[in-house]
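These notes are about the structure you will find just below.
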Amino acid sequence: MQPFVFHNPTEIVFGVDTADKVGKYAARQGGKALLVYGRNSIKTTGLYDRVTASLQAAGLSWVDHGGVKSNPVLSHVREGVAVAKREQVDVVVAVGGGSVLDESKAIAAGALCDHDVWEFFLQAKVEKALPLVTVLTLAATGSEMNSGGVVTNENTAQKFNIGSPLLFPKTSILDPALTYTVPADYTAYSAVDAISHIIEGYFTSNDQATPLQDRFVEGLVKTIMESTEQILQQPDHADARATMMWSATWALNGLSTAGIGLYQFPNHMIEHSLSAMYDIAHGAGLSIVIPGWMDYAATQNPAKFAQFARRVFDCELSDDLECARYGIEALKTWFHSIGSPVSLAQGNIPDEEIGAIADNAVMLARKWGLKAYTAEVIADILSRCRS
Ligand code: NZQ
Ligand code: ZN
């Protein structure tokens, strides 16, 4: 176990119908809100009316900033920053999935600085940010209880992240009933994303003596798989949706990586190029990359990959590398079974573009200090994702 500091200040309000309490929590942060949301779902589900009724009842005024797209883009963030500044809002209220929450974090930081918001994604430090209150409608990214956000600069095809302790939401409302309407494809992509968040650290940590964190990850993976299968059978399965929602939050709130020492997020580094260049859903990009990356990485740490296969997929093979390969195939088969693509071909990404994708991913590899991931190495990993 390595030394660590764990501090997560986000207040979680969990339960069916908690969405109607958003006004109470937002009012603690000020009297005027920027209400950020996505494209259609908030209106078709009736959630917009519930949220605005709650804001009104709590005495807040608000200005809308809707239309956030999945894989949010810089131009729309800049529009939000301009509205927040012009209207002098006190608090950002984000209602949606990870894309809405991430764009809201960027707006919260951009609203209180004089320079362009993209500077925060390159190197500028966030010194001030508006408080953020969220109502989560899709359980996947963990953005509701972490301090990061991801936005694509459409001009440069860079999907980069912003991060600061100031960007933890003050309060996040997790009402699992809001996720009953999430369609089957995004339900599958969310499962892949949440699993990816916990296995990145698990497989890349430089400390092997972390039995608590290991079992936490293995238990979460099994739980996410079980809940996802129940949800795909029955989309309004209340227990499964609630379990999935809380699991996805735990998967990226800092808990699973506390004490594991140094770790990396190579699958995310490569996937961000797929969604930046092809606008593929984040979880769908991950299910393409993960089996190929595991195939590349298993030989470097076969014991850990074998442990995963034995504990998650009940592999009984005694040879570590054979067992590791069994686990990789089992995970890939499971991704496929829930309807997430497991090859570049299934994601409609042409093989011939592997070189261009690798060149794009290297920008993030450098930013994240992943020195081993040269364009050649990334191209090698992508070539293992062909079929
Ligand atoms: O725009 P609307 O109409 O709301 O539709 C959305 C969107 O099309 C829809 N949706 C959301 N809630 C719904 C719903 N449809 C029906 N019922 C509901 N209750 O779902 C679609 C996808 O939404 P999106 O927010 O894009 O999905 P997700 O939560 O997976 O977020 C993906 C983004 O988060 C980033 C990803 O890179 C991607 O840009 N990530 C953020 C992270 C973080 N902040 O910590 C970490 C992750 O690794 C990830 O990178
Ligand atoms: Zn992710």
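The values are calculated or read from the model by the stated rules, or taken from the named source; none is laboratory data. Just so you know, these numbers come straight off a predicted model, no measurement behind them. A quick note on method: Cβ atoms are made from the backbone with ideal geometry, for glycine too, and the neighbour counts reach across all protein chains shown.
Counting just the residues of the range 157-166 that are farther than 30 Å from Ala27 by Cα and in contact with a Leu (Cβ under 9 Å, 6 or more places away or on another chain), which one comes out farthest from ligand 1 (Cβ to nearest atom)?
Gln158
Out of the residues in the range 77-102 that are part of a helix (DSSP H, G or I) and among the acidic types (Asp, Glu), state the one that is nearest to ligand 2 (Cβ to nearest atom).
Checking each candidate, the answer is Asp102.
If you take the residues in the range 152-166 that are away from ligand 2 (no atom under 16 Å from the Cβ) and in a strand (DSSP E or B), which one is farthest from Ser75 (Cα to Cα)?
Gln158
So, Ser383, is that one touching a residue at least 12 places away in the same chain (Cβ under 8 Å), under 18 Å from Asn267 (Cβ atoms) and surrounded by fewer than 15 Cβ atoms within 10 Å (Cβ to Cβ) or not?
So Ser383 fits the description; yes.
Can you name the number of the only condition in (1) over 27 Å from Val16 (Cα atoms); (2) assigned to a helix (DSSP H, G or I); (3) out of contact with any Lys or Arg (no Cβ under 9 Å at 6 or more places or on another chain) that Lys128 fails?
Against the list (1) over 27 Å from Val16 (Cα atoms); (2) assigned to a helix (DSSP H, G or I); (3) out of contact with any Lys or Arg (no Cβ under 9 Å at 6 or more places or on another chain), Lys128 comes up short only on (2).
Taking the range 167-202 only, how many residues are part of a loop (DSSP other than H, G, I, E, B) and near ligand 1 (Cβ under 9 Å from one of its atoms)?
2
Give the residue that is farthest from Ala108 (Cα to Cα), with candidates limited to residues of the range 62-76 that are touching an Asp or Glu at 6+ places or on another chain (Cβ under 7 Å) and part of a loop (DSSP other than H, G, I, E, B).
Per the stated criteria, the residue is Asn71.
Within the range 131-151, which residues are crowded, with 24+ Cβ neighbours inside 10 Å and assigned to a strand (DSSP E or B)?
Leu132, Val133, Thr134, Val135, Leu136, Gly149, Val150, Val151
Which one is farthest from the chain's Cα centre (by Cα), of the residues in the range 184-208 that are among the small types (Gly, Ala, Ser) and more than 10 Å from ligand 2 (Cβ to nearest atom)?
So, considering only residues that are among the small types (Gly, Ala, Ser) and more than 10 Å from ligand 2 (Cβ to nearest atom), the one farthest from the chain's Cα centre (by Cα) is Ser205.
Is it the case, given these coordinates, that Pro3 is within 27 Å of Ala242 (Cβ to Cβ) and in a loop (DSSP other than H, G, I, E, B)?
No, not satisfied.
Please tell me if Leu47 is within 16 Å of ligand 1 (Cβ to nearest atom) and either of a type in the set (Val, Ile, Thr) or surrounded by 18 or more Cβ atoms within 10 Å (Cβ to Cβ) (or both).
Considered against the rule, which asks whether it is within 16 Å of ligand 1 (Cβ to nearest atom) and either of a type in the set (Val, Ile, Thr) or surrounded by 18 or more Cβ atoms within 10 Å (Cβ to Cβ) (or both), Leu47 comes out as yes.
The rows are residues; the columns are (1) surrounded by fewer than 20 Cβ atoms within 10 Å (Cβ to Cβ); (2) among the basic types (Lys, Arg); (3) free of Cβ contacts under 8 Å to residues at least 60 places away in the same chain.
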{"residue": "Val95", "(1), (2), (3)": "no, no, no"}
{"residue": "Gly98", "(1), (2), (3)": "no, no, no"}
{"residue": "Leu101", "(1), (2), (3)": "no, no, no"}
{"residue": "Lys105", "(1), (2), (3)": "no, yes, no"}
{"residue": "Gly110", "(1), (2), (3)": "no, no, yes"}
{"residue": "Ala124", "(1), (2), (3)": "yes, no, yes"}
{"residue": "Ala129", "(1), (2), (3)": "no, no, yes"}
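Is it the case that Arg366 is among the basic types (Lys, Arg), surrounded by fewer than 18 Cβ atoms within 10 Å (Cβ to Cβ), modelled with pLDDT of 95 or more and part of a helix (DSSP H, G or I)?
yes
Could you look through the range 136-148, keep only residues that are of a type in the set (Gly, Ala, Ser) and away from ligand 2 (no atom under 12 Å from the Cβ), and pick out the one that is farthest from Ala188 (Cα to Cα)?
Looking at residues that are of a type in the set (Gly, Ala, Ser) and away from ligand 2 (no atom under 12 Å from the Cβ), I get Ser147.
Pairs please, first residue from the range 71-91 and over 16 Å from Cys113 (Cβ atoms) and in contact (Cβ under 8 Å) with a residue 60 or more places away in the chain, second anywhere and buried (at least 16 other Cβ atoms within 10 Å of the Cβ) and acidic (Asp, Glu), Cβ atoms under 9 Å, 6+ apart in sequence or on different chains.
So the pair list comes out as Pro72/Asp102; Pro72/Glu103; Val73/Glu103.
Could you list, in sequence order, the residues of the range 241-269 that are part of a helix (DSSP H, G or I), of a type in the set (A, V, I, L, M), buried (at least 23 other Cβ atoms within 10 Å of the Cβ) and away from ligand 2 (no atom under 12 Å from the Cβ)?
Met244, Met245, listed by residue number.
Which one of the conditions (1) crowded, with 23+ Cβ neighbours inside 10 Å; (2) charged (D, E, K, R); (3) farther than 15 Å from Gly98 by Cβ does Asp207 fail to meet, given that it meets all the rest?
(1)
Taking the range 32-61 as the search range and keeping residues that are assigned to a loop (DSSP other than H, G, I, E, B), within 24 Å of the chain's Cα centre (by Cα) and of a type outside the set (Val, Ile, Thr), which one is farthest from ligand 2 (Cβ to nearest atom)?
Looking at residues that are assigned to a loop (DSSP other than H, G, I, E, B), within 24 Å of the chain's Cα centre (by Cα) and of a type outside the set (Val, Ile, Thr), I get Asn40.
Given the conditions (1) over 15 Å from the mean Cα position of the chain (by Cα); (2) acidic (Asp, Glu); (3) within 14 Å of ligand 1 (Cβ to nearest atom), and given that Glu103 satisfies all but one, which numbered condition is not satisfied?
Exception for Glu103: condition (1).
Quickly run through the range 275-291 and pick out the residues that are within 12 Å of ligand 2 (Cβ to nearest atom) and either part of a loop (DSSP other than H, G, I, E, B) or crowded, with 23+ Cβ neighbours inside 10 Å (or both).
Ala281, His282, Gly283, Ala284, Gly285, Leu286, Ser287, Val289, Ile290
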